[in-house]
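The values are calculated or read from the model by the stated rules, or taken from the named source; none is laboratory data. None of these values were measured; they are calculated from a predicted model. Cβ sites come from the backbone with ideal geometry, for glycine too, and all protein chains shown count toward neighbours. Heads up: the accessible areas ignore ligands, DNA and RNA and are worked out on the full protein's heavy atoms, side chains in. Shrake-Rupley method; radii C 1.70, N 1.55, O 1.52, S 1.80 Å.
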Amino acid sequence: MKKIIAVLLSVLMLFSAFSIVCFAEEETPETYYTITFLDYDGTVLGTRKIVENGVVDAPENPSRENTKEVEYIFKGWSADDGATVYAPKTLPIATADVTYTAVYAEDVIEDTFTFWNFVQSIFDRINLIFEYFFRLFDMTWGE
């Protein structure tokens, strides 16, 4: 009986030593990267610390104030001065510190088209038609 207890204790000590060695190994610390989001004028819109190969979540889509001549439409984020533009939900995984800048498309605002502009364009076209026929038949009124 003493031999069986001695063997069991020996086996138990081996397993204990094995588990201590396994858990004593140093775990490699996780690498984190800083992802910064800037607006077109350099204003910081947000900063994220993302674990290596982690998914990068962009902040809420920014907006830019329109002018009388230009409307600005948010297109996405770029890390290389607009050469590559990523949609907010398609940013690459984190593999380095990166700064993304908001990219906007410019839409030129044309004069507003009103009902009276429409009526004027119809009269202009009618006038062109009359001029064409007067030249075609060399007509003069009142003679």
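Some points to look at:
- Contact annotation: residue pairs with Cβ atoms under 6 Å, 6 or more positions apart or on different chains, pairing a residue in the range 33-53 that is touching a residue at least 40 places away in the same chain (Cβ under 8 Å) and closer than 19 Å to Y72 by Cβ with a partner that is surrounded by 12 or more Cβ atoms within 10 Å (Cβ to Cβ) and among the aliphatic types (A, V, I, L, M), are F37/L45; D39/L45; D39/A102; Y40/A102.
- Taken across the range 80-98, residues that are under 22 Å from T31 (Cα atoms), of a type in the set (A, V, I, L, M, F, W, C) and loosely packed, with under 12 Cβ neighbours inside 10 Å do occur, with at least one present.
- Number of residues in the range 101-133 that are open to solvent by less than 100 Å² (accessible area, probe 1.4 Å) and either assigned to a loop (DSSP other than H, G, I, E, B) or touching a helix residue (DSSP H, G or I) at 6+ places or on another chain (Cβ under 7 Å) (or both): the value is 2.
- Selection from the range 32-66 of residues that are open to solvent by less than 40 Å² (accessible area, probe 1.4 Å), of a type in the set (A, V, I, L, M) and farther than 14 Å from V103 by Cα: I35, I50, V56
- Scope the range 67-79; condition surrounded by 17 or more Cβ atoms within 10 Å (Cβ to Cβ) and touching a residue at least 40 places away in the same chain (Cβ under 8 Å); matching residues: W77
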